[in-house]
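Working notes for the structure below.
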There are 2 protein chains.
Amino acid sequence: MHDVAARAGVSHQTVSRVLNDFAGIRPETRERVLAAIRELGYRRNMAARALATGRSEVIGVIMPEVPHFGPTSTLYAIEHAAKKAGFKPLITTASWDPESMGQALDFLLGRSVDALVVMAQHPDVLAAVEATTDVPVLSVLTGSPRGTRAVAVDQIAGTRLALDHLYSLGHRRFQHITGIAGLTEAQLRRDTFLAFLDEHGLEHLPILEGDWSADAGYRAGLAVDEGVTALFCANDPMAMGAIHALEERGLRVPADVSVVGFDDVPEAAYAHPGLTTVHQDFTEVGLRAVAMLMDAISGREPAEVSPVEPWLVERQSTGPVRA
Amino acid sequence: MHDVAARAGVSHQTVSRVLNDFAGIRPETRERVLAAIRELGYRRNMAARALATGRSEVIGVIMPEVPHFGPTSTLYAIEHAAKKAGFKPLITTASWDPESMGQALDFLLGRSVDALVVMAQHPDVLAAVEATTDVPVLSVLTGSPRGTRAVAVDQIAGTRLALDHLYSLGHRRFQHITGIAGLTEAQLRRDTFLAFLDEHGLEHLPILEGDWSADAGYRAGLAVDEGVTALFCANDPMAMGAIHALEERGLRVPADVSVVGFDDVPEAAYAHPGLTTVHQDFTEVGLRAVAMLMDAISGREPAEVSPVEPWLVERQSTGPVRA
DNA sequence: ACCCGTCATGTTGACGGTAACATGGCGGAG
DNA sequence: CTCCGCCATGTTACCGTCAACATGACGGGT
C-alpha cells in the first residue's frame, strides 16, 4: 500500500480511503490511485485489515463430518448467498462431541470470523456455541427454530405431508427407517412418525434404525415386517436402498409397499419407480440464513424467523393400498 | 496475550513462545502460562499471526459453482486431510471465465492463504492462476496431470475400463452421453470414447450432450438411437436418468441396452438395475492433494505425481449383447 | 576470583492496514 | 481585507503477534 501511495504521489491513508469508497476524494486523485493499484497489481492484505478492524468478511461454517445431501446443498446455498454480500465461508467439520466442537470453534473464532453457521445436527451444540462467543451464531438444519437464531425446513410439517399422503391412500400398516439416532432432524422425523401412529390409533411396528446411507436403507428394507404397506424413510438414499431390498424380496413397489423418502435429491425423479418424497428447499434455507447473518453483523435486529415449508412430490413409489 | 502475560507474570513474548512450542522454556513457567491461558479463555488471534508471519494455515479452494458429486466429495476429503495438518479450507466458487476466477483469486490471495486448490474443470485456468501468485497451486479433478502440480483420477483409464467391459460383452453399437461441454473431465471421457470407437472400427452415432444432471440424462435417454446396445454415460446421475427414459421407451436394461455410469455414487448400487460404473476414489485424491500441498508449503519438493487409478464396479445394468 | 558462554526471559520493531486527529488551502461572509 | 469553516489530504498511534536482538543470572574453567 505504501508503494501504491508513493506511485500515486499521495499518502497511504488516501489509498486506504479510495479502497474503502470514502466520500470526499477528488475524482482525479482517486483515478491516480486506482491506476497505481492496477499498475502494481496491488491487493490489499486482509490479515492486516482484519487486525485493524476486527472484521474479516468470513463466515465460519461448522459442518457435519459426512457429506450428505442436506448439509452439502445448504453449504452451496450459503456460499452463493454470502458471496453476493462479499463474504465467504470458512469450512470446518465437527462431530457433535464437545471436544471436536471446541476445536472447530477455536479455529474459527481465532480467525475472527464475523459470524458462525452451525449445522446443528444435535440439539445441545447451539447453546454451547453461543456461550463461547459473542459473534452472531446461526443454527441451520435443526428442524425447529426453538427461540434462538435458526433457519430450518419444518421437519414436522414435512413428515406429516408424507404420512398424510400415505394415510389418505388407505395405508394403515406403517414402518419407518430412521436417520442417525440422536441427530435433530432424524429425531424429529421419528417423533412425528410415532405421534402420527398414535393419533390415528395405528399399530407400532419396530422402528428400523438407519444412518442416512443407501446401504443402511437396503439392510432395513430386508428387515421390513410382513404386511407393512407403507414405508416412510428418513431420506431418499435410504428409500432407494429399501426399494431395492423390497424388490429382491419379491415385494413390488408400490403395488405391495408404498415408499416415501425425504429430501428430493435430483435422482429421486429417476429412481425406479420414481420416488415420492418430501422436497426441502435448501437454497431458501441458505438465503434466509445469510440474510439473517448480514442483519446480525450490521447490528440490525434480524427479521422474524419462520420455518421453510417443505412440499410433497408425488411420484410412482406410492399408490393406493391393495384392496 | 498481554493479559495472559501479566497474569502469568511473564512477558508476552514468553507466552508466544509457549504457544509456538519453543524449546528452552522452564517447565514451571510454561505451566504458569498455560494455566493463565486456560483461566482467561485466551485464544490467539490468527489475523495478527498471519500478518506477522505471512502464513495463515488456510488453504484456498476454488470450486465449481454447482455441487456435483466429484467436487463435493473431493472437498470433504481435502477438509479431512487438511484438518490433520492443522489447515482448513476457505471455499469459494467460480466458473471458469476470467472475471469470476479473478475475483475468487483476489479474495483468497488477499487472505494470504498458504496454498490454493483449484478444481480446474477447464484446461486454461490453472496456468492463469499460477501466473497470478507464488503460493503453491494444486489442480484437482483435471483428469490428467499435464506437467504441473495436479492430482486426478485417470479419466482415460476409467473410460477405457467402461468401454472395454462393454466391448468384451459383445457390444458393437455404442453411444455416449457427455458431461458439460468443455469441462476437462467431460472432454477427456468424450475424447477417449471417440478414440475407442475408431480403434475398434465402430460406427459413430450422434454424441448426446448432457450436463451431468439426471434430467439431462433422461432427455438424452429419450434420444438414444435405435439399435444402440451400449450406452456410456459420463456420470451416474445421467445414467439413472437415461435408464429411466429407456424403460419408458420399452427398452429393457440390460437386456436391450447395457448402461455404464461414472463416479460410483452411493446410490448406484441400489439403482434399478444396479448400475455398472467406474469408481473414482476421491478420498485418495484429497489425501494426495493435501500431502502435496504440505510438501510445497514447507518447501520440500513434492513427490512424483501419479494419477489415481479408477476401477470398474460391475452391477446389473450391463450384460452380454443379445444373440 | 575472574571471565565468558549459555540458558531463560525481556525489549523493541516490524507486519499492513484503519481510525482519530492534525494540517493546509480555498472560498464566502462580514 | 480578514477571519472562519470546510474540504481534501497527511500524520500518528494502534490492532496482536512474531522475529531479532538485548539482558541478566548462573556456573564452569582457569
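The values are calculated or read from the model by the stated rules, or taken from the named source; none is laboratory data. Bear in mind that the values here come from a model prediction, so they are computed numbers and not experimental data. Heads up, the Cβs are rebuilt from the backbone with ideal geometry, glycines too, and the neighbour counts pull from every protein chain shown.
When A:ARG49 is tested against (1) surrounded by 17 or more Cβ atoms within 10 Å (Cβ to Cβ); (2) over 21 Å from A:PHE107 (Cβ atoms), just one condition goes unmet, and that condition is (2). For the stretch A:5-21, indicate whether the set of residues that are buried (at least 20 other Cβ atoms within 10 Å of the Cβ), more than 10 Å from chain B (Cβ to nearest Cβ) and either under 28 Å from the mean Cα position of the chain (by Cα) or more than 12 Å from DNA strand D (Cβ to nearest atom) (or both) is non-empty. No, the stretch A:5-21 contains no residue that is buried (at least 20 other Cβ atoms within 10 Å of the Cβ), more than 10 Å from chain B (Cβ to nearest Cβ) and either under 28 Å from the mean Cα position of the chain (by Cα) or more than 12 Å from DNA strand D (Cβ to nearest atom) (or both). In the stretch B:274-285, of all residues being touching a residue at least 40 places away in the same chain (Cβ under 8 Å), more than 8 Å from every other protein chain (Cβ to nearest Cβ) and not in a helix (DSSP H, G or I), the one that is nearest to A:ALA214 (Cα to Cα) corresponds to B:LEU275. Kindly establish whether B:VAL137 is surrounded by 20 or more Cβ atoms within 10 Å (Cβ to Cβ), touching a Phe, Trp or Tyr at 6+ places or on another chain (Cβ under 7 Å) and at pLDDT below 95. Taking the combined requirement at face value, the residue does not satisfy it. Filtered by the rule that a residue be in contact with an Asp or Glu (Cβ under 6 Å, 6 or more places away or on another chain) and among the polar types (S, T, N, Q), the stretch B:185-207 gives no residues. When you check B:GLU267 against the structure, is it acidic (Asp, Glu) and in a helix (DSSP H, G or I), yes or no? Taking the combined requirement at face value, the residue satisfies it. Taken over the stretch A:69-84, the criterion of being surrounded by 15 or more Cβ atoms within 10 Å (Cβ to Cβ) and out of contact with any Gly (no Cβ under 9 Å at 6 or more places or on another chain) is satisfied by A:PHE69, A:GLY70, A:PRO71, A:THR72, A:LYS83.
Quick check: is even one residue across the stretch B:46-56 within 16 Å of DNA strand C (Cβ to nearest atom), touching a strand residue (DSSP E or B) at 6+ places or on another chain (Cβ under 9 Å) and part of a helix (DSSP H, G or I)? Yes - at least one qualifying residue is present in the stretch B:46-56.
Consider A:PRO98 carefully, then state whether it is touching a Phe, Trp or Tyr at 6+ places or on another chain (Cβ under 9 Å), more than 15 Å from DNA strand C (Cβ to nearest atom) and within 30 Å of B:HIS80 (Cβ to Cβ). If you could, list the steps in order and put the result at the bottom.
Numbers: touching a Phe, Trp or Tyr at 6+ places or on another chain (Cβ under 9 Å): no; more than 15 Å from DNA strand C (Cβ to nearest atom): yes; within 30 Å of B:HIS80 (Cβ to Cβ): yes.
No: the conditions fail for A:PRO98.
Residues considered: B:GLY158, B:GLY227. Of these, the only one that is in contact with a strand residue (DSSP E or B) (Cβ under 7 Å, 6 or more places away or on another chain) and farther than 30 Å from B:ASP106 by Cα is B:GLY158. Taking the stretch B:85-94 as the range and being in contact (Cβ under 8 Å) with a residue 60 or more places away in the chain and crowded, with 22+ Cβ neighbours inside 10 Å as the test, only B:PHE87 passes. The set of residues from the stretch B:223-273 being surrounded by 21 or more Cβ atoms within 10 Å (Cβ to Cβ), more than 12 Å from chain A (Cβ to nearest Cβ) and touching a Pro at 6+ places or on another chain (Cβ under 8 Å) comprises just one member, B:PRO254.
Does the stretch A:300-321 contain any residue that is outside the structural domain of A:SER139 (by TED's automatic domain parsing), free of Cβ contacts under 8 Å to residues at least 12 places away in the same chain, buried (at least 24 other Cβ atoms within 10 Å of the Cβ) and under 23 Å from A:LEU169 (Cα atoms)? Among the residues of the stretch A:300-321, not one is outside the structural domain of A:SER139 (by TED's automatic domain parsing), free of Cβ contacts under 8 Å to residues at least 12 places away in the same chain, buried (at least 24 other Cβ atoms within 10 Å of the Cβ) and under 23 Å from A:LEU169 (Cα atoms), which makes the answer no.
Those residues that are more than 9 Å from chain A (Cβ to nearest Cβ), more than 16 Å from DNA strand D (Cβ to nearest atom) and more than 24 Å from A:GLU267 (Cβ to Cβ), I need them from the stretch B:28-86; list them, please. Answer for the stretch B:28-86, where residues must be more than 9 Å from chain A (Cβ to nearest Cβ), more than 16 Å from DNA strand D (Cβ to nearest atom) and more than 24 Å from A:GLU267 (Cβ to Cβ): B:GLU31, B:ARG32, B:ALA35, B:ILE59, B:GLY60, B:ILE62, B:ILE78, B:ALA81, B:ALA82, B:LYS84, B:ALA85. Consider the stretch B:8-32 and keep the residues that are more than 9 Å from DNA strand C (Cβ to nearest atom) and in a helix (DSSP H, G or I). The one that is nearest to A:ALA50 (Cα to Cα) is B:LEU19.
May I ask you to list the residues in the stretch B:244-278 that are among the charged types (D, E, K, R) and within 24 Å of the chain's Cα centre (by Cα)?
B:ASP263, B:ASP264, B:GLU267
When B:VAL113 is tested against (1) more than 9 Å from chain A (Cβ to nearest Cβ); (2) surrounded by 15 or more Cβ atoms within 10 Å (Cβ to Cβ); (3) farther than 24 Å from A:GLU65 by Cβ; (4) within 15 Å of DNA strand C (Cβ to nearest atom), only condition (3) is not met.
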